[in-house]
Amino acid sequence: MNSAPTPAPDAGRSGLRAAWNRLADVLDTVVSHGTLTLACRLAIAAIFYMSGRTKVEGWLMLTDGAYALFRDEYRVPLLSPEFAAHAAAYAEHVFPLLLVLGLFTRLSALALLGMTAVIQIFVYPDAWPTHLSWAALLLYLAGRGGGPLALDRALGLK
């Protein structure tokens, strides 16, 4: 029986595998943990902040439309529409700001993850692909923190 010799571990260094691994090494450097956490913080903060801005006039004056939205469309159980509208509008302003700063990143991510769960379960259950993408970003931030470009790091917070 004549079998082919097993290639040495270094035999593939000049081939496709080696080129792929060199590219992966470059990407590991370019897309560092700091870059990834900053991108996640900014991306998810923008989504929630922009949603919050649709509910207010000026800085934080809730619109009649925001109350109507919570009364007629969202109908979150156990909360009055007025309370839910205020809570959502404030949360959609405060937690994104904290994420941009990288301050209390894990807490902010968990708070927005809770909002995402409420939206998914009670408001728009068919929008799970969107909510899953939000949850993925928020879970990464909750699990890994704000990264080296965050105030958390400067303050010695994990």
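Give the residues of the stretch 31-71 that are within 20 Å of the chain's Cα centre (by Cα), in a helix (DSSP H, G or I) and more than 19 Å from VAL94 (Cα to Cα), sorted by residue number.
HIS33, GLY34, THR35, LEU36 - these are the residues of the stretch 31-71 that are within 20 Å of the chain's Cα centre (by Cα), in a helix (DSSP H, G or I) and more than 19 Å from VAL94 (Cα to Cα).
Would you confirm whether any residue within the stretch 113-126 is surrounded by 14 or more Cβ atoms within 10 Å (Cβ to Cβ) and in contact with a Gly (Cβ under 9 Å, 6 or more places away or on another chain)?
no
Would you pick out the residues in the stretch 75-85 that are crowded, with 18+ Cβ neighbours inside 10 Å and either assigned to a loop (DSSP other than H, G, I, E, B) or touching a residue at least 24 places away in the same chain (Cβ under 8 Å) (or both)?
VAL76, ALA85, listed by residue number.
Pairs under 6 Å by beta carbon, first residue over 15 Å from GLY143 (Cβ atoms) in the stretch 93-105, partner buried (at least 24 other Cβ atoms within 10 Å of the Cβ) and of a type in the set (S, T, N, Q), six or more apart or different chains?
Every condition considered, the pairs that remain are PHE95/SER108; LEU98/SER108.
Looking at (1) at pLDDT below 95; (2) farther than 30 Å from LEU151 by Cα, which is the only condition TRP59 fails?
Condition not satisfied by TRP59: (2).
Would you point out the residue of the stretch 14-60, among those that are of a type in the set (Gly, Ala, Ser) and surrounded by fewer than 11 Cβ atoms within 10 Å (Cβ to Cβ), that is nearest to LEU99 (Cα to Cα)?
The selected residue is GLY58.
The values are calculated or read from the model by the stated rules, or taken from the named source; none is laboratory data. A quick note: this is a predicted structure, and the numbers were derived from the prediction, not measured. Every residue, glycine among them, receives a Cβ derived from its backbone with ideal geometry; neighbour counts consider all protein chains shown.
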